[in-house]
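**Q** Please see the structure below; I have some questions.
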Amino acid sequence: MKQLGVLDSAFINLEHPNTPQHIGGLGIYDQSTAPGGTVRFKEVIASFERKLKKLPLFRTRMVQVPGGYDRPYWIKDDKFDMEFHLRHIALPKPGDWRQLCILIARLHARPLDMSRPLWEAYIIEGLDNIPHLPKNCFAVYTKMHHSLVDGAGGSSFMAALHDLEPIPSGSDEEDGMTYLGETPPSAFNMLTRGTFNTARNSVDLVKGLFKTGIEIGKNVIDVSRGNVPMPDIRAPKTRFNNPVGPYRIFEAALFELEDFKAIKNATDAKVNDVALAIISGGIRHYLQHHNELPLDSLSAIMPVNMRTRRGDNEENNQIGSIFANIHTDIEDPVERMHAIHKSTDEAKEFGEQTPLVDALKLAGVFSPRLTKSLVHFYIDNKLTEHLPINISSVISNVPGPPFPLYCSGAKLVQYHGVGLLTPGVGLFHLVMSYCGTVTVSIVADRNIMPDPGFYRECLEKSFDELKAAALKTGKVVKHKTKAEMTAIRKEATGIKAAKSKPGEEQASA
């Protein structure tokens with residue numbers, strides 16, 4: 001058996017019916033590239049079985065310590081059933097983009113079965129009325145508990161389930177990771193370990209608090225001396241700070257990576273700055289439309305990959321968080337983008353030098369018995385309404401591969417990451433690049449955002465404004481012709497999401 005790490009346990013402890021702690025992905029595939037031009041469900045099952053040999057963690061289930069006095073364990077599920085986790089369904093009529101978003105929202109709203117391996121996948125057919133999709137496309141929606149993977153780990157999961165060519169050469173071998181046991185540990189064994197771990201964790205906690213106190217003290221001195229910038233995150237409340245319920249919406253906007261690069265080159269910015277400016281402008285337009293835009297800037301949480309900063313360890317999750325202004329108070333899109341660049345740089349400089357970057361670990365440090373009780377009390381009593389710091393969205397940026405991927409011979413033409421909601425933060429943006437396109441996917445509470453189709457239009461409007469302003473005032477950049485961009489699109493992805501009609505609203509979970 002293998003015990004969950006502190007951060008992995010944090011996501012287990014944060015699990016609540018209103019805020020299930022799983023993330024997901026939606027891929028759309030062109031089966032014309034598969035041998036014979038079609039893909040059968042049994043072939044997808046066979047492909048998943050073959051690929052999961054590289055990911056034995058996805059064949060394990062979680063075992064809780066009796067009484068919840070210690071972190072749980074992973075153990076091999078000797079009753080693992082691939083067909084329980086991989087399901088075959090069809091999109092309801094009329095089979096358009098709106099119907100696909102509704103289905104993904106409903107599937108994503110459902111908590112996982114915590115007694116089984118913590119992931120599910122759905123093969124979805126019937127995508128018959130989504131413009132610009134190749135004929136006979138199918139989708140694969142996957143969801144996995146955050147205790148299994150973080151954003152970077154999700155990309156690895158995506159890569160592991162795909163091939164680099166329609167007919168892969170060679171065979172997949174297991175990656176060498178062995179299970180630590182098929183028989184569940186006894187209650188006595190876990191309680192004995194738990195007693196030892198509790199004593200050890202208490203000592204580590206005292207040491208950690210002492211070290212944290214020193215680090216905070218140093219950070220306060222650095223801020224007071226002006227050596228480290230202190231970001232201002234005293235943001236106003238918006239509808240996105242209302243208590244999060246159990247129902248979701250899903251939407252997504254698609255853009256050309258070439259356009260992002262053109263804006264970046266014209267303004268001496270970064271691709272991530274472009275994405276944040278588009279999202280900030282989208283939120284600004286949305287709240288303006290509802291007469292709810294505050295005069296002061298809103299703030300966002302941005303996950304950061306700690307692997308590149310501290311090196312790998314045994315935890316599945318190696319993420320931290322920084323807090324930054326997204327300057328929704330600035331109307332000019334280029335000026336807003338430069339202000340966001342400055343605030344995110346300051347947030348990184350400040351956040352990565354303070355213990356705040358690891359704040360999420362607090363949910364995994366203490367025993368599940370204590371933490372789960374506090375989490376349920378906090379959510380059930382809607383205490384998020386009294387938070388002094390208001391975060392309007394989580395914005396995660398995950399770079400994907402620039403080359404095509406294949407599943408059972410079918411080419412992946414479009415991919416969307418699907419995030420999760422936390423108490424008091426009812427909007428999640430996930431930015432992902434793949435093979436020449438950038439997708440901005442949105443998950444939100446259904447009551448907080450009942451009109452997701454309109455919000456997607458706000459993002460697209462924000463992009464159009466930023467591109468026009470950047471190319472008008474920025475450096476001269478050589479652009480490809482419209483015909484060249486069309487050819488690139490068809491070759492790389494073959495897809496562009498259809499715009500909803502003005503005023504169209506989308507129902508969801």
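None of the figures in this text is laboratory data; all of them are computed from the coordinates on show. Note that this is a predicted model, so its numbers are computed, not measured. As a convention, Cβ positions derive from the backbone with ideal geometry for all residues, glycine included, and neighbour counts pool all protein chains shown.
**Q** Considering the zone a paramagnetic label at Val63 would reach in this model (a point 7 Å from Cα along the Cα-to-Cβ line), which residues of the stretch 129-151 have amide N under 20 Å from it?
**A** Label zone hits: 147-148.
**Q** When Thr328, Thr473, Thr60 are ordered from fewest to most other Cβ atoms inside 10 Å of their Cβ, what list results?
**A** Final ranking by Cβ density, sparse to dense: Thr473, Thr60, Thr328.
**Q** Compute the length gained on full extension between His132 and Leu164: take 0.36 nm times their separation in residues and subtract their Cα-Cα distance, giving the result in nm to one decimal.
**A** Gain on stretching His132 to Leu164: 9.2 nm.
**Q** Return Asp445, Asp268 ranked ascending by Cβ neighbour count within 10 Å, so the fewest neighbours appear first.
**A** Asp268, Asp445
**Q** Follow-up question, since we're still on this one. Please sort 244-255, 78-89, 395-406, 30-41 by packing, taking for each peptide the average over its residues of neighbouring beta carbons within 10 angstrom, highest first.
**A** Highest to lowest by the protection proxy: 244-255, 395-406, 30-41, 78-89.
**Q** What FRET efficiency comes out for Lys2 versus Lys270 if R0 is 30 angstrom and r is the Cβ-Cβ distance? Round to the nearest 0.05.
**A** Calculated value: 0.20.
**Q** To continue, here is another question. Under a crude label model (7 Å from the Cα following the beta-carbon direction), how far is Lys461 from Ile389 in nanometres?
**A** 3.2 nm
**Q** Fewest Cβ neighbours within 10 Å first, please rank Trp97, Trp74 accordingly.
**A** By the 10 Å Cβ count, ascending: Trp97, Trp74.
**Q** At 0.36 nm per residue, minus the direct Cα-Cα distance, what do Lys53 and Lys79 gain on full extension? Give it in nm, one decimal, please.
**A** Stretched fully, the Lys53-Lys79 segment lengthens by 7.8 nm.
**Q** Here's a follow-up. Filter Lys51/Lys76; Lys411/Lys467; Lys135/Lys261; Lys143/Lys237 down to the pairs with a C-alpha to C-alpha distance above 26 Å, please.
**A** From Lys51/Lys76; Lys411/Lys467; Lys135/Lys261; Lys143/Lys237, over 26 Å: Lys411/Lys467; Lys135/Lys261; Lys143/Lys237.
**Q** Could you give the length gained on full extension between Tyr378 and Met114, defined as 0.36 nm per residue of separation minus the Cα-Cα distance, in nm?
**A** Gain on stretching Tyr378 to Met114: 92.9 nm.
**Q** Ok, one more. So if R0 is 22 Å, what FRET efficiency would Leu295 and Tyr247 give, r being the distance between their Cβ atoms, rounded to the nearest 0.05?
**A** 0.10
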